[in-house]
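*Asks:* First the structure, then my questions, so here it is.
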Amino acid sequence: MERNPMRRQLQTMRKSLFDQGHLDEQFVQLEELQDDANPNFVEEVVTLYYRDSARIILNIEQALERKPFDFNKLDAYMHQFKGSSSSIGAKKVKAESTVFREYCRSRNGEGCMRSFQQLKKEYATLRRKLEAYFQVARQAGPMETACRPK
Amino acid sequence: MEMAVDKTQFHVLAVDDSLIDRKLIERLLKTSSFQVTAVDSGIKALEFLGLNDDDDDEDEQRDSNSESISSDEDQDHQDLGVNLIITDYCMPGMTGYDLLKKIKKSSCFKDIPVVIMSSENIPSRINRCLEDGAEEFFLKPVRLSDVNKLRPHLMKGRSKDIDFPDRTRSGCLISTGN
């Protein structure tokens, strides 16, 4: 059956996302909330995450253009970003958000800028990998193993 | 058409300014067979309950529901059918803690269990919420195992009105007795 190679590929991609530390247990929690009645739940949540992240990243970029830095505002934005990253299980992005927030708290502008560049890299990598993953998922059809057992 | 109402179906009002977290909590609650109304601020939550932000006068909550908020629940006099409120702590404007205080101050709604969620593990914050009337404090991201802890709090409240029949939208009487 032609679906099997796609499912195998999907499983490999999924495993790699976890092994490389891009995703954590929270992503599994999302998968467990997916079922026949809500077959695209994970992708829907992740799509909302992209939208939300784009907005916050833009806000931070604009805030970093204003000198002196408003560290409280930067911290508040990153608190939001950390929260949503945590909610989808975006492990590396969440970790880098924490680093950024620490630089905010210690009023370290250079640190914030460095950390933000790193954060954008991590986010871009995650997004690229997740988009590829969901593209294969759509082609592979419903994955029973990822759904909550009835 | 006859509407069968699950006698144990509870209605939860979820409050969170994050779109992602709202979607998540809604799904978690529905998976656990709760009816859900999700709003994005404490103000909208109070509006939904019929509590005016400025005062908690009992007469206020007789006003009709705000139409911008979607909910399946039939309104029945004072009982808007909200059995539990779960709210994020950090929200712009009114925090979850502020919302908790307002609910507990209200003569009509003070008995509705309130649960607070937060991404930050700050013991003083947690203790303050629990001391001021929150039933539970969940650390985010909230999981199914957390939501499973809600039912006992709801069963406590429900047992008070178990002798009274519920009315469905079509007006049919459905017994809630065992």
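What follows draws every value from the coordinates through simple rules; no lab data is involved. Please read all numbers here as calculations on a predicted model, not as lab measurements. Note that each Cβ is placed from the backbone with ideal geometry, even for glycine, and that neighbours are counted across all protein chains shown.
*Asks:* Is there a pair in B:Lys30/B:Lys110; B:Lys102/B:Lys156; A:Lys82/B:Lys105; B:Lys30/B:Lys101; A:Lys94/B:Lys101; A:Lys15/A:Lys120 whose C-alpha atoms are over 29 Å apart, and which pairs would that be? Kindly include the intermediate steps, with their values, before the conclusion.
*Replies:* Numbers: B:Lys30/B:Lys110 24 Å; B:Lys102/B:Lys156 22 Å; A:Lys82/B:Lys105 33 Å; B:Lys30/B:Lys101 27 Å; A:Lys94/B:Lys101 31 Å; A:Lys15/A:Lys120 23 Å.
With Cα atoms farther than 29 Å apart: A:Lys82/B:Lys105; A:Lys94/B:Lys101.
*Asks:* Same structure again: Return the loop-located trypsin sites (Lys or Arg not before Pro) in the stretch A:78-142 (DSSP other than H, G, I, E, B) with at most 14 other Cβ atoms within 10 Å of their own Cβ; answer none if there are none.
*Replies:* Details: sites: A:Lys82, A:Lys91, A:Lys92, A:Lys94, A:Arg101, A:Arg105, A:Arg107, A:Arg114, A:Lys120, A:Lys121, A:Arg127, A:Arg128, A:Lys129, A:Arg138; in loops: A:Arg107.
Answer by residue number: A:Arg107.
*Asks:* Taking the Cα centre as origin and putting +1 on Lys and Arg beta-carbons and -1 on Asp and Glu beta-carbons, what dipole magnitude results for chain A, to the nearest 20 debye? The partial results should precede the final answer.
*Replies:* Values: 26 positive and 21 negative charges, 84 e Å.
My answer is approximately 400 debye.
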